[in-house]
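Just so it is clear, none of the values below were taken in a lab; they were calculated from the coordinates. Just so it is clear, the structure is predicted and the values come from calculations on it, not from any experiment. Cβ coordinates were reconstructed from backbone atoms using ideal geometry, including for glycine residues, and neighbour counts include every protein chain displayed.
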Amino acid sequence: MSSATIIENCKKTFIATDAVGAYLLTKLDASGNVVVATGTSAGEVRVGFTDRAAGAGEATGIVLLNGGGTVYATPNETVAIGDALYGDASGKVSTTADGSIIGYALNAGAADDVIEMILA
């Protein structure tokens, strides 16, 4: 993880339907709670990245995708500075194009590291 300060422009608290890890991409479920985004569901409503881990039924802060700024994310593979990042099936980010670009890596990292990315 970079020593840079994260810039957050917009965060909202949601209830996690299931346990979610920190720095994972989330989507809304049918009840308006958050679950890990799968990247494979047609039309899934991605909302943002968790700012901490939460258990089922617990509140967690979500750094919203439409808020601009930077977020911490967990890659599923090695990424380099400037790589375009997309969601994968486990809420992590990947360089493999799947849907819309989420953002760009601001630092390099290996699989399961925590990286900082700027939102697209």
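Here is how the numbers come out for the structure above:
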| quantity | calculated |
| --- | --- |
| GluC sites (Glu not before Pro) restricted to DSSP loop in the stretch 41-120 with at most 11 other C-beta within 10 Å | none |
| Trypsin sites (Lys or Arg not before Pro) lying in DSSP loop within the stretch 13-99, provided at most 12 other Cβ fall within 10 Å | 52 |
| Lys/Arg +1, Asp/Glu -1 at C-beta; the chain dipole; positive extreme among 74, 33, 110 | 33 |
| Average Cα contact separation per residue, the chain, under 8 Å, 6 or more apart, as relative contact order % | 27 percent |
| Percent of Cα pairs exceeding the 19 Å cut-off, where the set is the chain | 39 percent |
| Dipole moment magnitude, nearest 20 debye, the chain about Cα centre, only Lys, Arg, Asp, Glu C-beta charged | 300 debye |
| Integer Hz, Karplus 6.51/-1.76/1.60 couplings in order for the stretch 85-102, x for Gly and Pro | 10, 10, x, 10, 6, 10, x, 8, 9, 8, 7, 7, 4, 8, x, 7, 4, 9 |
